1. Within the range 193-213, does at least one residue satisfy the condition of being of a type in the set (S, T, N, Q) and touching an Asp or Glu at 6+ places or on another chain (Cβ under 8 Å)?
2. Kindly check whether there is at least one residue in the range 123-142 that is away from ligand 1 (no atom under 12 Å from the Cβ) and in contact with a Lys or Arg (Cβ under 8 Å, 6 or more places away or on another chain).
3. Residues that are within 14 Å of ligand 3 (Cβ to nearest atom) and free of Cβ contacts under 8 Å to residues at least 40 places away in the same chain: does the range 146-154 have at least one?
4. Of all residues in the range 245-258, which are within 12 Å of ligand 2 (Cβ to nearest atom), at pLDDT 95 or above and assigned to a loop (DSSP other than H, G, I, E, B)?
5. For the subset of the range 1-15 comprising residues that are surrounded by fewer than 23 Cβ atoms within 10 Å (Cβ to Cβ) and within 15 Å of the chain's Cα centre (by Cα), which member is nearest to ligand 1 (Cβ to nearest atom)?
6. Would you call Ile129 among the hydrophobic types (A, V, I, L, M, F, W, C), within 17 Å of Glu62 (Cα to Cα) and out of contact with any Ser or Thr (no Cβ under 6 Å at 6 or more places or on another chain)?
7. Of all residues in the range 65-111, which are small (Gly, Ala, Ser) and farther than 16 Å from His38 by Cβ?
8. Sort out which residues of the range 53-63 are modelled with pLDDT of 95 or more and more than 16 Å from ligand 1 (Cβ to nearest atom), and write them in order of number.
Amino acid sequence: MKYDLHSHTTASDGELSPDALIARAREADIDVLAITDHDTLAAYGEIDQSTLRGLTLIPGTELSTQWQKNNVHIVGLNLPLDDSAFNDAIASQQRSRIERASIIADKLAKKGFADILPGVLEKAGKGSIGRPHFAQQLVEIGAVKSHEEAFKKYLGTGKTGDVKQVWPQLDEVVGWIRDAGGTAVLAHPDKYRLTRSKLHRLTDDFIAAGGEAIEVVSGKQDKVRTRELAKLCVEKNLLASSGSDFHQPGKFWAELGQQSPLPEECTPVWDRW
Ligand code: AMP
Ligand code: MN
Ligand code: MN
Ligand code: MN
């Protein structure tokens, strides 16, 4: 069975519509797919069920949180689509995204890029507004040559556009997922660039809040890091998840379903479903 439990669509910062993503997953022979757009479940409302043909969809989302001044992402899997408390939480994340977008726009205006918000809003469309839409707009106005340059100069960790104070604390967000009956997964632990001891503390806090799994395999992650994360996963008695974090075809992002297999010592999160 082939699993990909982390992917994005136009409902957030992915390039493909939900139906196009599903078509691509079927071409890649994926059996079980989770669409995990940033702070939204909207993709699930757009899917034409007749296109699934044997593909199992696991309702999910990738929630933005704060942990000790870091912006940490928590994937929620197997979520109900009609839980009113969870939908309220999603709505509050959406409001935070809009609030954050105007803060980022004001900060970029001070750097000399005036009035970029309308173009950014247009790029986000109906989807969750995020930093990648700012990156697109900065490319369009000629402020930078590429997305990568936009993140490197203005939007990435520690730069002007890295605004994280709007996000709720990690334990609160894990609680939302638990209360809705879903499984909380610590997303791409390698991306936070934490020291070994900080990553252990993050994992302990995540477990204390009710977190159950970590992404041992994420996208094009280095093999050495995968082995280290497998060790952490076993040591902390967590379940293991695997996802491409696919956003669009091309070099920067991993292709859908192309992640390396989970190390054998790990118990896959899907074994519990
Ligand atoms: P946000 O969800 O608005 O905080 O934006 C985070 C998103 O930006 C990630 O999910 C990626 O899609 C994208 N991203 C983060 N770092 C980079 C980078 N260095 N280059 C391009 N895209 C990035
Ligand atoms: Mn993204
Ligand atoms: Mn993420
Ligand atoms: Mn993601």
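The values are calculated or read from the model by the stated rules, or taken from the named source; none is laboratory data. Computed from a predicted structure; not experimentally measured. We place every Cβ from the backbone using ideal geometry, glycine too, and count neighbours over all the protein chains shown.
1. no
2. Yes, the conditions are met somewhere in the range 123-142.
3. Within the range 146-154, one or more residues are within 14 Å of ligand 3 (Cβ to nearest atom) and free of Cβ contacts under 8 Å to residues at least 40 places away in the same chain.
4. Of everything in the range 245-258, those that are within 12 Å of ligand 2 (Cβ to nearest atom), at pLDDT 95 or above and assigned to a loop (DSSP other than H, G, I, E, B) turn out to be Asp245, His247, Gln248.
5. Taking the candidates together, the pick is Asp13.
6. yes
7. Ser84, Ala85, Ser102, Ala105, Ala109
8. Leu55, Thr56, Leu57, Ile58, Pro59
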